[in-house]
């Protein structure tokens, strides 16, 4: 009985992780669209307008709470499931067991931890500024942080830009495997659909991180 309950609990955690992961992937596309406003040669007008809307609209603020909750629950569930897997097999095999498990899926917990590091850095540089937890930043005439100038100065720093690029490359690997795993967890596992899911997941995992990576290259090499 207890064993059956634990198995059900594990499946439930995986389903929640899958739904939350897909939700976060949709948010990434929205976030990319806002960030690409940085590439407009308008002195940051579009980007600052988007940042102002995101920071003042009450519907967005409610969505923001759900987004943070989604991040936290997704991360916690991932850690719990990985720890359960390690506890289920506390002793490593002397000879590697050849399986059909994709190579990157074995390292999802590690790429996920690297992504978590990026999120912490990102929150420190932008969200904490919005909350007023960080001082000595560029403030506009109406008392709001100049997010365009802040982003421009950050991306003009080679160390920050290199770290940003590397972390988004890691995120791409994480997304590629996570997208396929999410649909498999949700029961969409059929030869008729698997190839399309795999190709779209790979396309997404390349195009979205690449969109983010273009931004530091723009500020380092062009702007």
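Structure notes:
- Contact order relative to length of segment 13-83, as percent, for alpha carbon pairs under 8 angstrom and 6 or more apart: 49
- For residue 222 and residue 59, the difference between the fully extended length at 0.36 nm per residue and the C-alpha to C-alpha distance is 55.1 nm.
- Segments 189-201, 35-47 sorted - mean Cβ within 10 Å per residue, highest first: 35-47, 189-201
- C-alpha center-to-center spacing [segment 37-90, segment 171-223] in angstrom: 17
- Gyration tensor verdict on segment 156-223 (Cα atoms; rounded if a/c is under 1.5, prolate if a/b is larger than b/c, oblate otherwise): prolate
- Stretching residue 160 away from residue 200 to a fully extended chain increases their span by 11.4 nm, per 0.36 nm per residue minus the current alpha-carbon distance.
- Counting neighbouring Cβ atoms within 10 Å and putting the fewest first, the residues 208, 76 line up as 76, 208.
- Gyration tensor (alpha-carbon) shape descriptor, segment 15-84, a/c threshold 1.5: prolate
- Neighbour-count ranking [beta-carbon atoms within 10 angstrom, fewest first] of 10, 161: 10, 161
- With contacts taken as Cα pairs under 8 Å at a separation of at least 6 residues, segment 141-214 carries a relative contact order of 38 percent.
Each reported figure results from applying straightforward, stated rules to the coordinates on display, with no laboratory input. The structure displayed is predicted, hence computed values, not measured ones. Note that each Cβ is placed from the backbone with ideal geometry, even for glycine, and that neighbours are counted across all protein chains shown.
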